[in-house]
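Derivation of every value follows stated rules applied to the coordinates shown; laboratory data play no part. Just so we're clear, the structure is a prediction, and the values are computed from it rather than from any experiment. Backbone-built Cβ (ideal geometry, glycine too); neighbour counts: all protein chains shown.
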Amino acid sequence: MPKKSDPLLGFLPPGSVKLSSGALDLIKTTHEKSIRDDRGRLYPIIVIRWADSRRKRVPQTNQWRDLGEGPSLIGLDEPDVPEGAVVQWDDIRFAVKIPRSHLIRYFQPMLDCIEDFPYALKLCEAPIEPSASASNENH
């Protein structure tokens, strides 16, 4: 439960979590095809939130796969998401609401697609990029 003094209401500030290109593609596909309200209107903001359990249908089958806890995509209206938490990417607006207790396990948390099931997200460690100063230390 976020503290009442938290202006982002439990949402993370932009840049707190990296997103792989696969995760961004999944967000875009989900926004374009799936997340609609009762009237068939696309929700204006996609939210990546933590779910205690997740199930996804295996494409082109009637089988379901249990994915356990992890990040899940939902759609929300603008009044339900603080403006300071929203990221604009292409024509899509999204925000992340993952408890900080799940992030502290990682030096640089990243959202990526599950390797053998790219229709769902996982929280993992971002690859470490070599810095220019490290490679030029003795030059």
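What whole-number volume per residue, in cubic angstrom, does the convex hull of the C-alpha atoms of the chain give?
That works out to 161 Å³ per residue.
May I have the count of lysine pairs in the chain with C-alpha atoms under 30 Å apart, counting pairs 8 or more residues apart or located on different chains?
So the count works out to 20.
With r defined as the distance between the Cβ atoms of S53 and E83 and R0 fixed at 41 Å, what FRET efficiency is calculated, to the nearest 0.05?
0.85
Counting trypsin sites (Lys or Arg not before Pro) as exposed when in a DSSP loop with at most 13 other beta carbons within 10 Å, what is the longest stretch of the chain free of them?
So the longest stretch without any such site is 42-104.
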